[in-house]
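Right, one structure below, let's go through it.
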Amino acid sequence: MSTETTFDPALWKTITEQAWLAMHLPESIGGLGLGLVELAVVAEETSRACMPGPFLSSLWATTLLARLNKPALTSAYLNSLIEGNMKATVALLESDSEWDPHQVQLGLKKNLHGWQINGKKTFVLDGAAADLFLCIVRKDEELAVVAIPKATATLAPLPVIDATRKLYEVSFNNVPIREEQILAAGRSAREALEYSTLVATLVVCAETVGAIQWVLEATVEYAKTRQQFGKIIGSFQAVQHQCADMLLYTESARAATRFAAWALTAGIPEASKALSVAKAYCSDMGREVCNHGVQVHGGIGFTWEHDLHLYLKRVTLNQFLFGDAVYHREKIARAILD
């Protein structure tokens, strides 16, 4: 947490050797050919350990590159990511935008030598750890995906509650863009971005489940040993009720997440709605589980002496990544009305 990037080369080597970034990708492009249910299981376990580093951001970028289905332009990047020789992130958000890609305003400008980009992206996941930015911009009013090396950008760290997951503002000051850096534009770029964002949202849901599973287990164990008034606090009905609620919320969040993972893998029409249900529920109930955990732990639950604060902060940031509960309830409502 105390480092600028939260990046551990030895840990990253282990992750990439097991092909975690590509486990859901087809074998034909270097993946393991598994589904999103398996990816959700892995993501849940990484968050149970509150794993630091650019796993989420690189997974988002890897999925986006694979979904573009333009091997002539993307294979070099994709292979480097899968093999662990490169880390990448997606630069989507701007100062006045939400997670909806249609709100992207930053555009490419034509010049005598090709294109250039001048502007900022904000809340970029793991910006300092990334070697490559997949920047979402406008090209002739169409959405486009542009590959920009980190060396050409200026980074500024943003204050963030979860120190295991860094956020950055990334500035591009008249950066020249070659034609081959524009990986896709129009429908192919939009559809690839939408799908990869769904996958990243699923991973955040699974991460929340893993974090609150740890909070549940730690809280129950604490309730079995901590004594007040000469009794184990787990014998008090008020504490038992909170632990029972935590179990209910955790298992329900896991069920919603696993169903969304299956729905996306199966390609059913309701998959996007199922994911929004999971994200809204995980956002709300993740907060509730952590609140109960802090209450049962009492004073030590507020201190850095106990690891509970790490999971509380992870869950709090996850509430807002890829849209909070309100954002996803609005998506569900619009889908129903349509």
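The values are calculated or read from the model by the stated rules, or taken from the named source; none is laboratory data. Keep in mind it's a predicted model, so treat the numbers as computed, not measured. Cβ placement follows ideal geometry from the backbone for every residue including glycine, while neighbour counts extend to all protein chains displayed.
Below is a table of values for the structure above.
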item	result
Any hit, segment 39-59, residues being within 13 Å of the chain's Cα centre (by Cα), in a helix (DSSP H, G or I) and among the charged types (D, E, K, R)	yes
Residue check for Leu183: touching a Ser or Thr at 6+ places or on another chain (Cβ under 7 Å), farther than 20 Å from Cys282 by Cβ and touching a residue at least 24 places away in the same chain (Cβ under 8 Å)	yes
Every residue from segment 20-35 that is more than 13 Å from Ala66 (Cβ to Cβ) and either assigned to a loop (DSSP other than H, G, I, E, B) or touching a residue at least 40 places away in the same chain (Cβ under 8 Å) (or both)	Leu34, Gly35
Boolean, Ala255 is in contact with a Cys (Cβ under 9 Å, 6 or more places away or on another chain) and not hydroxyl-bearing (Ser, Thr, Tyr)	no
Any hit, segment 231-244, residues being small (Gly, Ala, Ser), part of a helix (DSSP H, G or I) and under 30 Å from Phe259 (Cβ atoms)	yes
Top-ranked residue of segment 220-238 - restricted to ones that are of a type in the set (A, V, I, L, M) and within 17 Å of Leu308 (Cα to Cα), ranked as surrounded by the most Cβ atoms within 10 Å (Cβ to Cβ)	Ala223
Subset of segment 129-151 [assigned to a strand (DSSP E or B) and touching a Lys or Arg at 6+ places or on another chain (Cβ under 6 Å)]	Leu143
Members of segment 248-283 that are in contact (Cβ under 8 Å) with a residue 24 or more places away in the chain and surrounded by fewer than 17 Cβ atoms within 10 Å (Cβ to Cβ)	Ser252, Trp262
Every residue from segment 81-124 that is in a loop (DSSP other than H, G, I, E, B) and basic (Lys, Arg)	Lys87
Segment 76-105, subset surrounded by 14 or more Cβ atoms within 10 Å (Cβ to Cβ) and without any contact (Cβ under 8 Å) to a residue 24 or more places away in the chain, residue nearest to Lys120 (Cα to Cα)	Ser97
Residues that are in contact with a strand residue (DSSP E or B) (Cβ under 8 Å, 6 or more places away or on another chain) and either hydroxyl-bearing (Ser, Thr, Tyr) or outside the structural domain of Gly301 (by TED's automatic domain parsing) (or both), drawn from segment 216-245	Thr225
One residue from Val160, Val204, Val175 being in a helix (DSSP H, G or I) and of a type in the set (A, V, I, L, M)	Val204
Subset of segment 318-338 [touching a helix residue (DSSP H, G or I) at 6+ places or on another chain (Cβ under 9 Å), over 22 Å from Glu94 (Cβ atoms) and of a type outside the set (Lys, Arg)]	Ala325, Ile332, Ala335, Ile336
Residue in segment 303-321 that is more than 18 Å from Asp162 (Cα to Cα) and assigned to a helix (DSSP H, G or I) present	no
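Listed here are the residues, each with its yes/no results for (1) within 14 Å of Gln181 (Cα to Cα); (2) buried (at least 17 other Cβ atoms within 10 Å of the Cβ); (3) outside the structural domain of Leu321 (by TED's automatic domain parsing); (4) of a type in the set (D, E, K, R).
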position: Ala128; (1), (2), (3), (4): no, yes, yes, no
position: Asp131; (1), (2), (3), (4): no, yes, yes, yes
position: Asp140; (1), (2), (3), (4): no, no, yes, yes
position: Pro149; (1), (2), (3), (4): yes, no, yes, no
position: Ile161; (1), (2), (3), (4): no, no, yes, no
